[in-house]
Each structure stands twice: as structure tokens, then as C-alpha cells.
1. Checking B:Ser44 against (1) closer than 18 Å to B:Ile177 by Cα; (2) open to solvent by 70 Å² or more (accessible area, probe 1.4 Å), which test does it fail?
2. Hey, which of the helices (runs of 4 or more DSSP H) in segment B:193-256, taking only ones fully inside, have at least 1 residues that are under 16 Å from the mean Cα position of the chain (by Cα)?
3. Quick one: would you say A:Cys134 is in the same structural domain as A:Gln191 (by TED's automatic domain parsing) and under 19 Å from A:Glu76 (Cα atoms)?
4. Filter segment B:230-266 down to the residues that are out of contact with any strand residue (DSSP E or B) (no Cβ under 8 Å at 6 or more places or on another chain) and open to solvent by 60 Å² or more (accessible area, probe 1.4 Å) and list them by number.
5. Can you tell me how many residues within segment A:239-263 are at the interface with another protein chain (Cβ under 7 Å from one of its Cβ atoms), open to solvent by less than 10 Å² (accessible area, probe 1.4 Å) and either under 20 Å from A:Ala197 (Cα atoms) or among the acidic types (Asp, Glu) (or both)?
6. As an exercise: evaluate B:Leu101 against (1) assigned to a helix (DSSP H, G or I); (2) surrounded by 15 or more Cβ atoms within 10 Å (Cβ to Cβ); (3) within 14 Å of chain A (Cβ to nearest Cβ) and give the number of the one condition it does not meet.
7. I'm trying to understand the selection: among the residues of segment A:138-148, which are buried (at least 22 other Cβ atoms within 10 Å of the Cβ) and closer than 16 Å to A:Val439 by Cα?
8. Give all pairs with beta carbons closer than 7 Å in which a residue from segment B:1-16 that is more than 15 Å from A:Ala234 (Cβ to Cβ) meets a residue that is among the β-branched types (Val, Ile, Thr) and modelled with pLDDT of 95 or more; count only pairs at least 6 apart in sequence or on separate chains.
Amino acid sequence: MITGGGRARPHAREVTRYLSSLSARQLGRRQEAAERAISEMGVTFTVYSEGQNIDRAWPFDIIPRTVSASEWQRVEHGLQQRLTALNAFVDDVYNDQRIVKDGKVPAELLETSENYLPECVGIRPPHGAWAHICGSDLVRDADGTIYVLEDNLRVPSGVSYMLENRIVTKQVFPELFSRNRILPVDDYPSQLFDTLASLSPRPLDYPVVVVLTPGIYNSAYFEHSYLAQSMGVALVEGGDLTVGDDDCVYMRTIAGLERVDVIYRRVNDTFLDPECFRPDSLLGVPGLMRAWRAGNVGIANAPGAGVADDKLVYAFVPDIIRYYLDEEPVLPNVPTLACVRDDERDRVLADLDNLVVKPVNESGGYGMLIGPMATRKAVAQFRRLIKTNPRNYVAQPVLSLSTAPTLIGGTLSPRHLDLRPFTLHGERQFVTAGGLTRVALVEGSLVVNSSQGGGSKDTWIVQSGDES
Amino acid sequence: MMLSRVAERIYWSARYLERAENTARLTRVYGNLLLDLPDAAGVSWPRLVEITGDDAAFAASGRQATDRGVLHFLLADPGNPGSVLSSLASARENFRTSRDLIPREAWRTVNELYLYAGEHLRRAVFQRRREEVLGTVMQRCQQVRGLLADSMNHGEAYQFLRIGRGLERTDMTTRIIDVAAASLMTGRKDLDPYRNSLWIAVLKSLSAYQMYRQQVRRRIVDRDVISFLMFDTRFPRAIGYCLGELDHSLRSLPRYEPPLRGVLRLQRIVADLDIAAIDLAGLRAFIDTMQLDLASIHRQISLTWFLPDAPT
């Protein structure tokens, strides 16, 4: 938002001028109003720890984060390109494996991936799309470059908070919306519905779409319920669905069994179907994989799509884009060392103090080592972990993440942030205008996850006067 | 179409809310009765759990059969699933998990009510605080019902609320008549002067006293009160009214026949009841039959809508 020299970037000028005209007391009052709105709207997220599940109010900073529309156009293009390539990759992996035969990706990369599901081999889902909803984590480095840090292709969450943040900001700063051209975000639920509807196996005007949630104790239950409500579809649990002898999926309603066409599942792969995966899972639906393989139900994201968001596969994404699309990646990757390769592992072990080490299958910022900030004990522990199970770790340089002004204790202070836009891919593609900005509320911290004390901001894609 | 699981939660949320209110009503009226009747009448708090059939559960709770022991069991015992506190906790949990369908204000009021109950019901064990605490609980239950009636679509979800409430209310009105009948069955002539107080207390426990007086312009007699509570179709806590409401709500749902048959059967049994010819023991036996019928209607509701497995 602010250039290195302390001057506001052009698209942020109006916002910056306005915010600096407000006194600390005025800002404080706006923050209070926002917090009140959040608690009244019941925007919560659930925290697992502390012995029980607790609904906490969603942590929100009223100062919006701005990005210029012209820059966003490029990001949007980059995200579409990336998801197109990733879907082509997944489709290939479960079918011909051309990319392996052509030597671009080592076979063991797939065979050793926890997210590779042999049950998916030979499936051809509609539109060649496996990951229909992708949440990409973007970060901006000190020099202004936007990198893709992660592709979340399994059950990415956060979009409901993006929508709620906008509603709150409109209440807190209505005057800024009339003075700036800020791209709207509120068409996401209808875009999501259209994407899901395009996966229906039956040619109907109104296919029966449901959101499958693990239940009220899941940390993202608020979002599951929010999306179901805003799409006007049923929010179901595993027990509400059953697979008939005809290999079709039905939901149990008061009028009897009703056929379901598309399931937007927010349950992890291995819990989806106790017949196929974890037999102890009560969250899934016995026979669901059978119904999906028979082409009788659409599942978003498709089982097995996670094979492409393994953090080890991440290291290959630029090559994947070049291979399937014959294009250069629009958005760069963060340089990544894969510990499974001997030479790269040696470099990682030699430089642990300066690197970020990530387990390949975790999300939510859990199980990471941030070298420069870690204790000696933690570094030694990761050294052991990497040596025991090198396949499980990748390492990246510490990026000097960009900051944005954030209201802390009544005054504006810089805090590190990232951005999670959401990309949809069904019959057509769609990228949210902006996304969920997450901010580390602790000074100097790089951890933005809400489960670990991070906050969020509204994200504004702003058109400047000379753009249209 | 509404999910079976959701319908079941909505149904139970209404039942538990009504049960909490009714148990509060029963406790309040019984307390007043204790003040009015002489000790010789044999009414006592331990006697109440015998009449309501909760004596086994009470014995299992390990509490002493003292006044306070019984009151705590009925009002604030989290280990007694039928206590006011447990009923409110169950109502809250069912409302919480049906938030998609329940107006936000109603959920918030239920939540506040539950928090209030957790803090104050313990004190309602004491006579001095009972009126205030139980009065507040009842008032808030009514507030929730008002919010639901006024700010919710009167569609399928609302019909499940009405059905849950109607069944629970019918059940409680029969129990209250049963308590009165049992209290009078000592057969002692010296208690006759108190019969009136007892029936007035029964009417008041159902907020029915004023409406009864408007309808029945005579001295209060047992049979008139029982007839009013059994047959009246205009007073919302009378069994005749509740069954009519159930009839109406059931018909607005798909595949309503099996539970409706149960309601029609019960309506017929009640209509055939000859109050003039029945004694107190007969009345209590009749109420037992009614309660079996109510249980069977619940079973039909559950089989029809909550566990539908047969493809349509």
C-alpha cells in the first residue's frame, strides 16, 4: 500500500489520505463498531485447543488492504493459468501419466504422496476439473513481487470471512466506497453454485447441490453453514446421505430419499467413504466413491485432487505449467528445496537457521520451522525429523513479507500479511476480486493463521481514475 | 426438501423448551398447593416425584428424599434429564445446531435463558426465590415462542416446532390432571374443603384460571375443570386444542398419514370419555392410556420423518 519511500501507491492515495485524517479516537470507535457488527452477525471460528471447542469472534482489522486493479488483472490471469495446469496435471496423473513418461516429474513423487489415491485411477471427471475450488496463498516480497506460496486444492477455507469482512467494512467506512471504485466480491456464492451445478451428472435446470460438513465441531463449520445458506442449498452431514443399490447418492428428507447431484464436500479425502478409506470414519458416506466412479454424482473438490497440493509437487509447478500449457508461469513460485533430493537436503541441513522448513502435508501453519526465529532445540529437532523422513519436508528462504498499516492499540503500525484469493474451475473459471487478507497481529511475526492468533482485513481491488 | 436430521432437531428443540416451561409450572403450582393444604393431606415434595413417575430416576440420583433434594432434582439437577436445567440445555443444543433455520433473535434468547438458568435455578430451591426465578424462566420461554411465531416462515420447520410443542404440552396437561387426581385420592373427608383450592391451583398452573372463569360461569367443581382441560378447543393448553393443532400441523407435511392416524385415535378416545361416570382411579387409568398413545404418536413421527430410508 505504501512504497518503500513512505509514499502511498497511486491507487491507495485516496484511502491513505482519508485514514490519516481520522484521529486515534475516531479509529478506535470504528474498530469497536466493527467488532460489534462481527459479534452480532455471529461471525466465529472454532478453535480446537484448550480442551474443548470454542467459538471465537473472528479477528478483524478495519484498515483495508488495497491492490490496484491493473496489478490484480495479472494476478487473476496467473491464478487461472496455474489452476488450469494443476487440473491437467491431476487428470494426467490418474490416467495416462504422460508427464512421468516424458520425464518431467519423477514417478516416485506420486507414488510416495499421501494424497495420491489409487482409487481415482481411470476417472475422467467433467471438464477435466478435479480441483474446482482452489485457495492460493500469495505473498508479496520486499521488492514487490507476488509469489504463490501454496495451492490449497483439498478443502480450502476462508472465503466466508472474505465476504463478511466486506459487509463489515461497508458499515465502518461507507464514505470510502462512494469515493473509490472498489470491485465487489459478493457474487462468489452464485459463482460457486454455478461451478458446482456444472458438475451435475443429470441435465437439470436446478440440480440438487449439497454442502457436506464434518459437523458443528469442525473449525470451519461457520463457513460451511454460511456457504450453504448463501447458495440456498442443504447443509448435510455424512449420516444424512446414503448410496442406493443403483449407485446413486440420496439424502434423507422428511419426504423420503431425494437424489443428490453434486456434493461440495468439506470433509477430507480419507474420511469420505468408509468402504474405501478409513473404515472408522463416521463423517463420510459408505459407497460414495462407488457412486462417484460410476459418474452418478459430482464431488467438489474431486477425491484425489490433493495430489497436486503436496508441498513437494509445489516445487514442480512451474514445470507443470510449461509442460501442459506451453506458457511461462505468470506468477512465480517461492524457490523451494526438496529434502528428498540428496543435494538439496544437504543445503537445507547446512542452512537451517536461515530457512523456513515445512512438512509437505500439513496446513494451517502447523509443524513449521521458521529458522531465524526458532530456538536451538527446535532447529535440532527438525534436523532429526528431516534426516528420518526427508520426503516429508521442503525448505524455502525466509521472505521479507510485505506489511500494511494495521490498527494496533489505537495507532497504525505495519504488520506482515498474505492473501488468499479463491479460484473456481468448472465449466468456466472465476477468480475472486481480491480474497482473504490475513495479517500477523504480533509485531515482526510471519504467522497469519487465525488458529494461531492471526487477524484479517478486507481486501480492496481499487481502480484508479485513469483505469476503467 | 427438509433434511430428516434437521427436522428431528427442530422437533426436539420445541419439546425440550416446552418441557422446561411445564416443569417450572408444575413445580410452582405444587409449591403453592403445599402452602394451602394441611399437612394431613399428605402432599409433599417427595410425593410429587411419585405421582409424576419420576421416583425411580429420583432414587437413582442418590439424593435424599427431602424437600430440597426433590426440588433440586426437578429444577437444577444436570444429572436428571427431565430437570428444568437439563431440558433447557437440550433445547439450547438443538437450537444451536439448527441455527440455519431458526431466527437469530430466537437462538440468542434461548442461549441467554440457558445461561440464566445455569446461574439462578439452584436458588429456586428456596421458597423465597422460587417465584422470581421460575417466573423469569417461564416468561423467557414464552418470549422464544413469540419470536419463533413472528419471525419465522410458517413452513415445514415451523410445523415441526408446533408438533413438538403440541405433543409435549398434551403430555404435561395430562400429568398435571394426574397430580391433582392422585392428591385427592386419599379419600379423606376432612380434605373436602380444600378440593377447590386444588383445582384452582391446577388451572393457574396452566394459566387457565381466568379463561376457565369466562367459559364456565359456575362454582368450581372437579368435573367442570377436568372437562375444560380435556375437551376445550379454544384454550391453547387444553388437550382438545392441542390435538386439533397437531392434526392441523401434521397435515401440512408430506406423508403425514401414520402419525395423523394416531392423533385421530387419541381424539376419538378423549371424545368418548364420560367425565360424569368416571372416578379418580378411573381417570388416572385413562390418563395412563393417553400417555401410551402420545408415545406411540411420537414413534410414528419418528419413523415417518426422522428415519426415512425407503426410496420414494
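The values are calculated or read from the model by the stated rules, or taken from the named source; none is laboratory data. None of these values were measured; they are calculated from a predicted model. Every residue, glycine among them, receives a Cβ derived from its backbone with ideal geometry; neighbour counts consider all protein chains shown. What goes into the accessible areas is simple: the full protein's heavy atoms, side chains included, and nothing from ligands, DNA or RNA. Shrake-Rupley method; radii C 1.70, N 1.55, O 1.52, S 1.80 Å.
1. The failed condition is (2).
2. Filter on segment B:193-256 gives B:222-231, B:239-251.
3. yes
4. B:Phe231, B:Thr233, B:Arg234, B:Tyr241, B:His248, B:Arg251, B:Ser252, B:Tyr256, B:Glu257, B:Arg261, B:Leu264, B:Arg265
5. The number of residues fulfilling the criteria is 2.
6. It fails just one condition, (1).
7. none
8. Between residues of segment B:1-16 that are more than 15 Å from A:Ala234 (Cβ to Cβ) and residues that are among the β-branched types (Val, Ile, Thr) and modelled with pLDDT of 95 or more, the close pairs are B:Tyr11/B:Ile163.
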